[in-house]
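Visitor: Here's a structure for you.
Any read-out appearing in this document is the output of simple, stated calculations on the displayed coordinates, not a laboratory observation. Just so you know, these numbers come straight off a predicted model, no measurement behind them. No Cβ is skipped: glycine too gets one built from the backbone with ideal geometry, and neighbour counts run over all protein chains shown.
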Amino acid sequence: MTTMTHHLVRAGFRVPDLAASVAHASELLGLDVREQTADQVRLALPGQEPCLILRTHGSASFDFMALHTTAGNLAEIRRRLDAYGVAYSDGFELEVPTIRFHAPNGVAVEVGVGDPHVRNESPREGGPVIGALDHLSFAARDQEAFKNFFIDVLDFRLTDSVLGERHWLRCNENHHTVAVFNGEDGLHHYAFETSDINGLGALGDLLAARGQNFMWGPGRHALGMNIFTYHLDPAGSILEVCSNMLQIGEEEEWEAEVWTNGLKSAVLWGPLPPTGFREVFIPPLQESEIAR
Ligand SMILES: [Fe+2]
């Protein structure tokens, strides 16, 4: 079977202060509120289906990630989950055939049949034009198991590694849609894409007006070549805004590179990461904590 292509379309978070998290997503990223109840808000970029689902919870946690793929890929993924011995169930978020299961670090993954989002390019006054949700970077106690699960079951490809500790995986032309490094089980950061470095400047101005600053960047990663900024959202999750990520054609011969110098892979230019950057994470939502 040929290589599977999927697209990241949605991420869900549990947040302690729903109003603050919604204000952050709408004011800084330009996301619009599409549906709102007392304890859940669905946010979307102009012209897209919702890409960010925020729900109230006592503490910040990562709820789920959702991929869109083809019906043929979904059938194959069901077979591979069976072979892997991983249980799956119908999903909750998508109004299309969807399965839901857990990755080895406890993160819930939904895979549904659907198209990628059309990249948003609507002009915006006073803030970055955010194109789409771009990638998710996880931490896992067993990062090899996480990497192998995404490769074996979801047909992700290894794009780059730093020694045996950190892995960047792709499922379409984007250099990475999912990354993982060794740490406590959870999400390290989520990333939205903007068109160019001007978007990062506009974001910095908005942060400054709120008395906040980037925690890292602007800079350019060597690995993936994306220009980046990172800041903390109101729930304490790290949000990256990035641009100009390396694109790898499906037909392109790509040899996964094993970088031996973590700092060189992290910074082509710009400041070094702050102390403790990799230790920040939010845990996966424990389903026992909530009544869905
Ligand atoms: Fe990232």
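Visitor: Excluding residue 228 itself, what net charge comes from residues whose Cβ is under 11 Å from its Cβ, given Lys and Arg +1 and Asp and Glu -1?
Guide: Working: positive: 220; negative: 134, 193, 240.
Combined, the nearby Lys, Arg, Asp and Glu give -2.
Visitor: Oh, and also: How big, on average over all directions, is the shadow cast by the Cα convex hull of the chain, in nm²? Could the numbers behind the result be given before it?
Guide: Working: hull surface 57.5 nm².
For the Cα atoms of the chain, the hull's average projected area reads 14.4 nm².
Visitor: Below 12 angstrom from the Cβ of residue 169, what's the summed charge of the other residues (Lys, Arg +1; Asp, Glu -1)? Mind showing how you got there, number by number?
Guide: On the way: positive: 147, 157, 166, 170; negative: 152, 155, 160.
Summing Lys/Arg as +1 and Asp/Glu as -1 gives +1.
Visitor: Give me the distance in nm between label points sitting 7 Å out from Cα along the Cα-to-Cβ direction at residue 70 and residue 115, one decimal.
Guide: Placing both labels 7 Å along Cα→Cβ, they lie 1.6 nm apart.
Visitor: Label points 7 Å out from Cα along the Cβ direction at residue 151 and residue 102: separation in nm?
Guide: With each label point 7 Å from Cα toward Cβ, the separation is 2.4 nm.
Visitor: Using a cut-off of 15 Å between beta-carbons, work out the net charge of the residues near residue 27 (Lys and Arg +1, Asp and Glu -1, residue 27 not included). Could the numbers behind the result be given before it?
Guide: Working: positive: 124, 210; negative: 17, 32, 125, 205, 233.
Value of the local net charge: -3.
Visitor: Going 7 Å from the Cα of residue 222 in the Cα-to-Cβ direction, what parts of segment 246-284 have a backbone nitrogen less than 18 Å from that spot?
Guide: The answer is 246, 255-274.
Visitor: Right, another one. Nearest-5 percent of antiparallel DSSP beta bridges in the chain? All intermediate terms of the calculation are to be shown ahead of the outcome.
Guide: Details: 51 of 75 bridges.
Close to 70 percent.
Visitor: In Å, the Kirkwood hydrodynamic radius of segment 7-116 over pairs of distinct alpha carbons? Spell out each step's value before the answer.
Guide: Values: mean 1/r = 0.0679 Å⁻¹.
It works out to 14.7 Å.
Visitor: Fully extended, how many nm does the chain gain between residue 255 and residue 210 (0.36 nm per residue separation, minus their Cα-Cα distance)? Don't skip to the answer; put the middle values down first.
Guide: On the way: separation 45, 0.36 × 45 = 16.20 nm, distance 4.33 nm.
Stretched fully, the residue 255-residue 210 segment lengthens by 11.9 nm.
Visitor: Using R₀ = 22 Å, calculate the FRET efficiency as 1/(1 + (r/R₀)^6) where r is the Cβ-Cβ separation of residue 122 and residue 173; round to 0.05. Display every interim value, and only then the final one.
Guide: Values: r = 23 Å, r/R0 = 1.03.
My answer for the efficiency is 0.45.
Visitor: Where the only charges are on Cβ atoms (+1 Lys, Arg; -1 Asp, Glu), what is the dipole of the chain about its Cα centre, to the nearest 20 debye?
Guide: Details: 21 positive and 40 negative charges, 85 e Å.
Here the size comes out at about 400 debye.
Visitor: Here is a follow-up. Using the basic label-point model (7 angstrom from Cα toward the beta carbon), what is the residue 32 to residue 289 distance in nanometres?
Guide: Placing both labels 7 Å along Cα→Cβ, they lie 3.2 nm apart.
Visitor: Still on this model: In what sequence do 37, 159 fall when counting other Cβ within 10 Å, fewest first? Before the final figure, lay out each step's value.
Guide: Working: 37 9, 159 22.
Listing 37, 159 from fewest to most nearby Cβ atoms yields 37, 159.
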